[in-house]
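To start, the structure under review is shown below, and the notes come after it.
Just so it is clear, none of the values below were taken in a lab; they were calculated from the coordinates. Predicted model only: the values in this text are computed from it and were never measured. Backbone-built Cβ (ideal geometry, glycine too); neighbour counts: all protein chains shown.
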Amino acid sequence: QVQLVESGGGLVQVGESLTLSCAASGSIFEIYRMGWYRQAPDKQRELVATITGGGSTNYADSVKGRFTISRHNAKNTVYLQMNSLKPEDTASYFCNADLKTALWTRSTNYWGQGTQVTVSS
């Protein structure tokens with residue numbers, strides 16, 4: 001069984017910074033792409049950033065230049081450094097990972113439970 005557990009959310013003021021972490025645990029053979037998505041009330045879940053096992057990154061236009069995604073492969077952990085936060089960044093942030101639980105299995109997509117980020121003006 002695999003779990004993705006996010007941490008680091010909270011309430012911050014406009015312009016402040018916050019770092020989210022997501023640790024994957026359980027029966028993991030290899031993690032491929034990891035990423036962060038967010039969902040604001042009454043809106044669809046949207047991509048924030050992704051990172052491959054080799055370190056290639058992709059960002060939503062709305063966060064480019066402000067957010068940085070990184071990962072520690074040995075710890076099965078992905079991070080999201082969020083700077084210059086804006087009220088429109090307020091959302092629940094979800095960790096996502098494509099991984100295999102064994103050599104002979106297919107890659108499966110997993111989601112964390114989410115962590116709330118609130119940016120107050």
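Couplings for the stretch 8-21, taken from phi via the Karplus curve 6.51 cos²θ - 1.76 cosθ + 1.60 with θ = phi - 60°, read x, x, x, 9, 9, 8, 4, x, 7, 10, 8, 10, 9, 10 Hz in order; Gly and Pro are left as x.
Distance between the modelled labels on Thr52 and Gln116, one decimal in nanometres: 3.7 nm (7 Å Cα→Cβ projection). Pairs of Lys residues in the chain that lie 8 or more places apart, or on two chains, and have C-alpha atoms under 21 angstrom apart add up to 4. For the chain, the fraction of alpha-carbon pairs lying more than 20 Å apart is 38 percent, rounded to a whole number. In order along the stretch 101-107, the Karplus-derived 3J(HN,Hα) couplings, from 6.51 cos²θ - 1.76 cosθ + 1.60 at θ = phi - 60°, round to 8, 7, 4, 8, 8, 7, 5 Hz, and Gly and Pro are given as x. Each of Asp61 and Glu16 was given a label point 7 Å from its Cα along the Cα-to-Cβ line. The distance between the two points is 3.0 nm. For the stretch 41-58, 3J(HN,Hα) computed residue by residue from phi via the Karplus equation (6.51, -1.76, 1.60; θ = phi - 60°) reads x, 6, 10, 6, 5, 10, 5, 9, 6, 9, 8, 7, x, x, x, 6, 10, 9 Hz, glycine and proline entered as x.
Relative contact order for the stretch 33-121: what percent, with Cα pairs under 8 Å and sequence separation of 6 or more? Present the calculation step by step, with values, prior to reporting the outcome.
Values: 160 pairs, mean separation 24.1, N = 89.
Worked out over the stretch 33-121, it gives 27 percent.
For Arg71, nonlocal amide neighbours, meaning residues 5 or more places apart or on other chains whose placed amide H falls under 5 Å from its own, are Tyr79.
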